[in-house]
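Where a number appears in this text, it was derived from the coordinates with a stated rule and is not lab data. The structure displayed is predicted, hence computed values, not measured ones. Methodologically, a virtual Cβ is constructed for each residue, glycine included, from the backbone with ideal geometry; neighbour enumeration extends over all protein chains shown.
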Amino acid sequence: MAIYFLNRFFYPDEAATSQYLSDLAFHLAGRGCDVHVVTGNRSYLKGEILGPATESVRGVQVHRLDVPAVSNSLLSRALFYPRFLFSAYRYLDNCLEPGDLLVAMTDPPMSVVPCARLARRHKAILLTWMHDLFPEIARALHVPLVRGRSYRVLQAIRDRALMQADRHVAISAAMAERLVSLGIPGQRIMLIRNWADGDALRPIPPDKPDLRREWGLENKVVFAYSGNLGRGHDWETLLDAAIRLRDQQTIRIVVIGHGSGFERLAQAISAQRLENVLMQPFQPRERLPDTLAVADVHLVSLQPPLEGLMSPSKLAGALAVGRPVIYLGDPQAEAAHLLAGHACGKTIAPGEGRALAETLKEWAGNADNRHAMGERARALFEAEFDQTAWLARWAELLSAMESEYRWQASYLVPRKRTFFSVS
């Protein structure tokens, strides 16, 4: 049996879904699985060619589709996604065999639709790995192309495809609840959170990373936002707080990443002439231990309308390095409850710039409290976000799906190769 993953990005690209897929694919290949990844040939940030059309990377067979570069504009993406999915369909149509496992991810949107057809056509097993819910997320972000009748049509097509899948992986409990609300039986849904590598990301004192000196942050209390700052994240509350704290000499706000919100925040910082905010571009993954550890406190954000439609995956890395977290989002969100339950963070609703500024000022003056919350943050990470545990959960899920398939389709000639052996 072969396992085929479909996602727009894969190693060496450093988009978020690429990193999680790469971790899982390499893990499975290391266990002896026949793993294939069907992906695009261009990088997320620069659009450069990543490698040859076909190659083996650490035991994973990578099939890169020749696709054009795509800009950040909504129209460019709307034209690109169907082309990518058509190319992926043609490729997979020539590869899949009965009993193969096809894993449909959510970049590009609606990937489950052609994958459902392919699974029926080839008697393959279909699993969805839900990192977000489209078209709901587009409607929540007021995307003009997805509203009214077009929204209802896309949702109906998507729902029909989801119902045909054998299993679904949701990255948060809130997303699992959303899937149940669509009519998907709960027993077909498994919660597997997005993770971080707890061996690579360890708690170290904030003054240890060389980046403190490189970025001029010595003797400062650093509140950092690290990662994509896009349409689904709140940068305006952060700006409001920065303006209110512009005279606080010991406080620095560091924003590391990219995205439409990153660009708008950088413009506003320049217009306001704020010297207490440092904007840094996206950093490569190998520098992640230092870029996360440079902070005394991490800022994580998700707009309230997106709760259950996506998940603030930046939370895992922040907790892994043992830092308290301020969550800019819905106070009733899953992340908010996790932070409150482990007393390692605080939630502030978007628009509450004054409350955010007061919290930053209060926490900046209490190093002992930050340290104690950081220790509890690492404990939360080990309980809920550790990579080793979730990769093991993936192994259990795929093994169970293989056993179920063999029982239901015993008329097929048994393959010599199984997905893996669970040890």
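Dividing the mean sequence gap of close Cα pairs (under 8 Å, 6+ apart) by how many residues the chain holds gives a relative contact order of 14 percent. Within the straight-line cut-off of under 28 Å between alpha carbons, the lysines reachable from Lys220 are Lys208, Lys314, Lys346, Lys361, sequence neighbours fewer than 8 places apart in one chain being disregarded. Neighbour counts of C-beta atoms inside 10 Å place Ile348, Ile189 in the sequence Ile189, Ile348, starting with the fewest. Rounded to the nearest 20 debye, the dipole size of the chain about its Cα centre is 1160 debye, using +1 on the Cβ of Lys and Arg and -1 on the Cβ of Asp and Glu. With contacts taken as Cα pairs under 8 Å at a separation of at least 6 residues, the stretch 1-92 carries a relative contact order of 25 percent. Neighbour counting of Cβ atoms within 10 Å sorts the residues Tyr4, Tyr405, fewest neighbours leading, into Tyr405, Tyr4.
When each of Trp363, Trp195 is scored by the number of other beta-carbon atoms lying within 10 Å, the sequence from fewest to most is Trp363, Trp195.
Determine the distance separating the Cα centre of the stretch 190-251 from the Cα centre of the stretch 288-361; give it in Å without decimals. What the calculation gives is 10 Å, centre to centre.
Based on DSSP, what percent of beta bridges with both residues in the chain are antiparallel, to the nearest 5? If we restrict to bridges inside the chain, about 10 percent are antiparallel.
With all projection directions averaged, the alpha carbon convex hull of the stretch 211-384 covers 9.1 nm². Rounded to the nearest 10 degrees, the inclination of helix 260-272 to the longest alpha-carbon principal axis of the chain is 10 degrees.
Taking the charge dipole of the chain about its Cα centre, with +1 at Lys and Arg Cβ atoms and -1 at Asp and Glu Cβ atoms, the residue from Ala355, Trp129, Leu217 reaching farthest to the positive side is Trp129. Considering the values (1) 78, 74, 43; (2) 72, 48, 42; (3) 103, 56, 33, which represents Cα extents along the principal axes in Å as calculated for the structure under consideration? The calculated read-out lines up with (2). Here the sum of -39500 (n - 2.57) over DSSP H runs of 4 or more residues, divided by the residues of the chain, equals -13000 deg cm²/dmol at 222 nm, to the nearest 500. What's the center-to-center distance, using Cα atoms, between the stretch 18-87 and the stretch 88-111 in Å? Using only Cα atoms to place each centre, the spacing works out to 12 Å.
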